[in-house]
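The structure under discussion appears below in the form of structure tokens.
The values are calculated or read from the model by the stated rules, or taken from the named source; none is laboratory data. Values in this document were obtained by computation on a predicted structure and should not be read as measured data. Every residue, glycine as well, gets a Cβ built from its backbone with ideal geometry; the counts of neighbours run over all protein chains shown.
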Amino acid sequence: MPEEHKAKFAKRQPHSRQGWPAVACTRLVLTTLRMADSVPLPTALTRDARNIPASWLFLGLGGTAIAVYFFLQANAQSVVYVVIGAVSVTAIFVGSTRNLSRRRRLPWYLFGFGLLGQVAGDLVFTFYEVARGREPSSPSLADLFYLISLPLLGAGVFFVLRRVGSMASRDGILDTVVVFSGAGLIQWVFFIDPLTHMAFDSRWVQIAQMAYPAAAVLLLVAVAQLLVGATARVLAYQLLLVSMVLWVAAVEAYSLDIDRYRRGSWIDGIGLAAYVVWGAAALDPSVRGLIRRDRRGLPRLTRTRLALLAAALLAAPAVLVIERMAHHHVHAYAAGIGGAILGVLVLMRLAGLVNSVERARRSERVFRHEAQQAQQLLASQNEQLLELDRLKDEFVSSISHELRTPLTSISGYVEVLLEGETDDERRSHLSIVDRNAHRLLGLVSDLLFAARLQDGRLELDGEDVDLKRVVSHAVESARPRAETGGVHLGTVLVDVPPVSGEPDRLAQLLDNLISNAIKFTPPGGNVTVRLAATDGTVSIEVSDTGIGVPETERERLFERFFRSQTALERQIQGTGLGLHISKAIVEAHGGRIGVDSEEGSGTTFVVELPVAG
Amino acid sequence: MSQQSRRLILCADDDADILSLVSLRLERAGFDVVRVSDGEAALEVLRTQRPAVSVLDVMMPRRTGYEVLAAVRADDSIRDLKVILLSARVQKSDIELGLKAGADAYLAKPFRSDELVATIEELLSS
């Protein structure tokens, strides 16, 4: 084996005329890193990045640089190779520092330092060639850099995935081990074991060379994990996956093609593309979403995951068949042991699946049982509620009965007394008793009505009602009260089409509105009731020139037991039920009630009811 | 008031005050009134004295107004007698129940005396 081919990876940095000291490059990266936290990107880059995402800009520039690379002389190529690598590493540090919070940068710093190791290895190699005119003796400092960098890249992927929790479950770990075993078997048989049969200058050289394909196993596992990982499939994820795949491809291609590799080979393109894409991934703002957990819940047995597991399981037989067909030395032990390990692992995974299916079925049974119990509980509670409802109805009805019976005697006997009384003062006193007995009766009726409204039940008998008659009647029965209060009660009535409803309830509604208007209008004021018909609706307007309703109270006016502040201050009697009941009656008739008022100058209530039919 | 126009009315109510009030009103209107304070007694009077009109309270001991009414309507000898239910139960369902049971009228307490008298006169003339 020729000397220059011994150091497989060191070889891709041959004979650079113009080597930069690795220290300078590292210092540049670290300086930029420090700056990136506090200051914006270099102005040229930010100006362009204002319109185009930094990642695409970087990909474009990188792609151009790679294309140019293939037209250069070998020495220039080696310089450009290092420059592209160094710029990409810088991009990773700058991008992750700008895009990610301090706590989330670790994986990307691992990627950065991993790739920095690669660039450093390249530089060491170049330095030896340029300064000493020879390659570094193997194993060299360059090998150390290269070998340290590969696990760093793998660790970066591990930390990305750990943050989203996909490593946490037994299945996730088992899948990782399965893929690791499959990849390990292939790497051993095709890349590592052949090296044990080659002659090297020293034991250390041999170990160093074997370390590369071994490290590649880690990268393969990382790629596989990334493929099935629970991270959100954002652009940064796609870019990271592509760059990892390119990196592994480059490492494997070098290993397979050691003897024929020359500077400027297509393999360089893959390596450079890996650098650039990696840098672009860190620069893309979507890198923030990479640590967002996928909502689907993992690890799920996705198609990709199944394919990966199948590929790992098939590794052992595939190895045997390929070696047999190529008339190679057959790694029977390796394939046998690897196959057995994989078999056991897949069996464990299968057992886990069966277990979780069993668990799911068990918990489904438990849930179903609980659901049934809940349903029964609900049914019995519903029954209790219905019973309570019935009891409440009974209670309200009997309270009403109990209150009405003494009231019957009071108002009945007062009436008898009034008929026989000729003394004016005593007549006046008896009238007061009579009036208050009637008020009490009205209150009892309203309470009973409101109690039934609270159940949401107001069933109406529908019949055609002539509102003009109802309104006239209501106005006439309110007239004595208006006269007592010194309020002029006027009407503007026209013939209107009939509405469908219950005359008693509509009379109650009118009575409520007119009584209210009279109550809230000072002596000398006017209350006017207007009836009008428009398209499909009949509207009743009750307006007064009373004290008005402040705007703050208008919304609450129809609430149960609501009393306006002015009513309380002026000691205007009422229960706060009238408008509540009125609204319910209007709504039960399919209509609307609204209020318009100006404080100090009057209030207008408008009721709109749909025409019958 | 002539002897012919005096007609017999049964008043049944367990509330003595209301019973007096109703009787007073009816006597002043020129009717003869028999007073009882429970349903059983009411039925007894109905069978023995055949009052032209009965004014029955609904919530009475021993037999409710409904039960007395049902017994009247089931008894061929007295089924044609007029019955008015006078009750403090004023929900629509109560009124419907009373009319369905065969009451000739259903009046709510507190009642208006002129309305009660008018109703009785109307039933007597029909």
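Might you check whether a residue that is away from chain A (no Cβ under 14 Å), buried (at least 18 other Cβ atoms within 10 Å of the Cβ), not basic (K, R) and not in a helix (DSSP H, G or I) occurs anywhere in segment B:10-24? I'd like the intermediate steps shown before the answer.
Start the filter on segment B:10-24 by keeping residues that are away from chain A (no Cβ under 14 Å), which leaves B:10, B:12.
Filter once more, keeping what is buried (at least 18 other Cβ atoms within 10 Å of the Cβ): B:10, B:12.
With not basic (K, R) added as a condition, the list becomes B:10, B:12.
After this cut, where a residue has to be not in a helix (DSSP H, G or I) as well, the list is B:10, B:12.
Checked segment B:10-24: at least one residue is away from chain A (no Cβ under 14 Å), buried (at least 18 other Cβ atoms within 10 Å of the Cβ), not basic (K, R) and not in a helix (DSSP H, G or I).
Looking at A:L417, is it within 14 Å of chain B (Cβ to nearest Cβ), in a helix (DSSP H, G or I) and not small (G, A, S)? When the stated conditions are applied, A:L417 passes them. In segment A:411-441, the qualifying residues are those that are among the small types (G, A, S) and buried (at least 16 other Cβ atoms within 10 Å of the Cβ), and the one that is modelled with the lowest pLDDT is A:A437.
Condition first: in a helix (DSSP H, G or I), away from chain A (no Cβ under 14 Å) and closer than 22 Å to B:E122 by Cβ. Now tell me which residues in segment B:25-44 satisfy that.
In the first step, residues of segment B:25-44 are kept if they are in a helix (DSSP H, G or I); the result is B:25-28, B:39-44.
Of the ones still in play, those that are also away from chain A (no Cβ under 14 Å) are B:39-44.
Result: B:A42, single match.
Scanning segment A:586-606 for residues that are surrounded by fewer than 17 Cβ atoms within 10 Å (Cβ to Cβ), more than 46 Å from the chain's Cα centre (by Cα) and of a type in the set (G, A, S) yields a total of 2. Only one of the numbered conditions (1) under 16 Å from the mean Cα position of the chain (by Cα); (2) within 14 Å of chain A (Cβ to nearest Cβ) is violated by B:G102, and that is (2).
Condition check ((1) within 14 Å of chain B (Cβ to nearest Cβ); (2) in contact with a strand residue (DSSP E or B) (Cβ under 9 Å, 6 or more places away or on another chain); (3) surrounded by 15 or more Cβ atoms within 10 Å (Cβ to Cβ); (4) within 30 Å of A:A316 (Cα to Cα)) across all residues:
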{"residue": "A:N355", "(1), (2), (3), (4)": "no, no, no, yes"}
{"residue": "A:R361", "(1), (2), (3), (4)": "no, no, no, no"}
{"residue": "A:Q373", "(1), (2), (3), (4)": "no, no, no, no"}
{"residue": "A:L388", "(1), (2), (3), (4)": "no, no, no, no"}
{"residue": "A:F395", "(1), (2), (3), (4)": "yes, no, no, no"}
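As for segment A:222-243, it holds at least one residue that is surrounded by fewer than 18 Cβ atoms within 10 Å (Cβ to Cβ), in contact with a helix residue (DSSP H, G or I) (Cβ under 9 Å, 6 or more places away or on another chain) and at pLDDT 80 or above.
Of the residues examined, B:A103 is one that is under 26 Å from A:L441 (Cα atoms), without any contact (Cβ under 8 Å) to a residue 40 or more places away in the chain and in contact with a Leu (Cβ under 6 Å, 6 or more places away or on another chain). If you filter segment B:52-83 down to residues that are assigned to a loop (DSSP other than H, G, I, E, B) and under 13 Å from B:D104 (Cβ atoms), you find that the one that is nearest to the other protein chains (Cβ to nearest Cβ) is B:A52. The criterion of being within 14 Å of chain B (Cβ to nearest Cβ) and either under 25 Å from B:A108 (Cα atoms) or out of contact with any helix residue (DSSP H, G or I) (no Cβ under 8 Å at 6 or more places or on another chain) (or both) does not hold for A:A507.
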